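Data block below; observations after.
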Amino acid sequence: MSAVPIQAYLALALILFCIGLYGALTKRNTVIVLISIELMLNAVNINLVAFSKYGIAPSITGQIFALFVITVAAAEAAVGLAILIALYRNRQTVNIDEMDTMKH
């Protein structure tokens, strides 16, 4: 049984990060932008775990950092969705380009 090479993990992370970056920069819907940021954070997690397994000195530090990133991503999603719900109640929209001022 052969192991998956590190290039496969890096290619997957690159594809996920590029999809997330495209979504974050081009989409107008705030929910899609939040999902795109989550995709980019997951690409970082894949890189952390791959480098901790295939690095110069394989250890568990990559997995620990990935857990911290997952925690930050969960907090970002919770706070982002709370802000989004508050904005929707105030403006009746979730489009980014319509949320350009603080007052209504």
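The values are calculated or read from the model by the stated rules, or taken from the named source; none is laboratory data. Bear in mind the structure is a predicted one, so any value in this text is a computation, not a measurement. No Cβ is skipped: glycine too gets one built from the backbone with ideal geometry, and neighbour counts run over all protein chains shown. These accessible areas exclude ligands, DNA and RNA; they are computed on the full protein's heavy atoms, side chains included. Shrake-Rupley method; radii C 1.70, N 1.55, O 1.52, S 1.80 Å.
Annotation: per residue accessible area for the chain equals 71 Å², rounded to a whole number [probe 1.4 Å, protein chains only]. Taking only alpha carbon atoms, the chain gives an Rg to Rh ratio of 1.12, where Rh is the Kirkwood radius.
Per residue, the chain reaches -26500 deg cm²/dmol at 222 nm when only DSSP H runs of four or more residues are counted, each adding -39500 (n - 2.57). Only protein heavy atoms count here; under a 1.4 Å probe, residue 38 has an accessible surface of about 50 Å². When only Cα pairs below 8 angstrom with a gap of at least 6 residues are kept, the chain shows a relative contact order of 25 percent. Among 19-25, 42-48, the peptide with the highest mean count of other Cβ atoms within 10 Å heads the list, and the full ranking is 42-48, 19-25. Gain on full extension, evaluated as 0.36 nm per residue between residue 74 and residue 92 minus their Cα-Cα distance, stands at 4.0 nm.
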